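One structure is given here, and the rest of the page talks about it.
The values are calculated or read from the model by the stated rules, or taken from the named source; none is laboratory data. Small disclaimer: the values here were computed from a predicted structure and weren't measured. Cβ sites come from the backbone with ideal geometry, for glycine too, and all protein chains shown count toward neighbours. Keep in mind that these areas ignore ligands, DNA and RNA; they rest on the heavy atoms of the full protein, side chains included. Shrake-Rupley method; radii C 1.70, N 1.55, O 1.52, S 1.80 Å.
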Amino acid sequence: MDAPPRDATPFVPADHSMDALVAAAAACRGCDLYENATQTVFGAGPASASVMMVGEQPGDVEDRRGEPFVGPAGKLLDRALVAAGIARDKVYVTNAVKHFRFKPTGRGNRRLHQKPDARHITACRPWLAAELDGVRPRVVVALGATAAASLLGPSFRLTQHRGERLPWPPEKGPFAQDDSDIEAALATLHPSAVLRGSDEDRQAMFEGLVRDLSLIPSLLA
Ligand code: URA
């Protein structure tokens, strides 16, 4: 019997145009998450975007609709982008992991989000690398610790470096040898972290997210 694939590499086509990537990703079996998810949720946005934002993994709504950041976290991201003066339709938005990982709750069709493990992040990274190559953004933004780990390596500390202009390629991590045209990276909170914040903290967390995102125009200047 053939060994199961270790990651998405055998599924990623040589052609990194968006149409080719989206079509191939629909059949990805690079890790076990495809077994329970409804579908692959690939990145979306202009193929020539100068900014790429990377989240964790699709949520429940995204899994059903097949599009990234269209559920509650996506709505909060939309509000934060408006407040930061950034047009979402100019941004390519994707996730570190392209399938929804969840636990059934046993109550109707409610599903409980489960964080992806390091092996899921690693298995899915060839898709992220292909998206970076296909879109060729000038700035890449990690939304939350999972995206930061995927892009900047597991030793990157979001709490210490959020909201900073970060060099690209990163000093360490899987993209340390990347020779793309990316000029800078930025890491900030995941919008879901704001949604999970207490009533007292939520406004300040939202403002912090907006402050971090507001750095993007200066990274593009
Ligand atoms: N959270 C994410 O990280 N990505 C999505 O697409 C939705 C919620």
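GNM on the chain, alpha-carbon springs under 10 angstrom: the most fluctuating residue among V12, V82, V70 is V82. Taking Lys and Arg as +1 and Asp and Glu as -1, the other residues whose beta-carbon sits under 14 Å from that of L128 total -2. Quickly estimate the mean residue ellipticity at 222 nm for the chain, helices only: each DSSP H run with n ≥ 4 gives -39500 (n - 2.57), and the total goes over all residues, rounded to 500. So the helix-based figure for the chain works out to -10500 deg cm²/dmol. Cross-link reach is defined here as a Cα-Cα straight distance under 30 Å, omitting same-chain residues fewer than 8 places apart; for K75 the lysines meeting it are K90, K98, K103, K115. When you restrict to C-alpha pairs under 8 Å that are six or more residues apart and normalise by the size of the chain, the relative contact order lands at 21 percent.
Accessible surface of S48, taken over heavy atoms with a 1.4 Å probe and every protein chain present, rounds to 100 Å². Ligands, DNA and RNA are left out, and with a 1.4 angstrom probe the accessible area of the stretch 19-220 is 46 Å² per residue. Annotation for E200 and K115: the two label points, set 7 Å from Cα along the Cα-Cβ direction, are 2.4 nm apart.
Net charge in the neighbourhood of P167 (other residues with Cβ under 12 Å of its Cβ; Lys, Arg +1, Asp, Glu -1) is -2.
For E67, the solvent-accessible surface computed with a 1.4 Å probe is close to 80 Å², ligands and nucleic acids excluded.
Principal axis extents of the C-alpha atoms in the chain (largest first, rounded to whole Å): 52, 46, 32. Pick out which of A145, A118, A84 has the largest mean-square fluctuation in a Gaussian network model of the chain, springs linking Cα atoms closer than 10 Å. Among A145, A118, A84, the largest mean-square fluctuation in the Gaussian network model of the chain belongs to A118. Label separation (D19 vs K172): 4.3 nm, computed from points 7 Å beyond Cα along the C-beta direction. Taking the accessible area of the chain, probe 1.4 Å, and keeping the other protein chains in place, the carbon and sulfur fraction comes to 52%.
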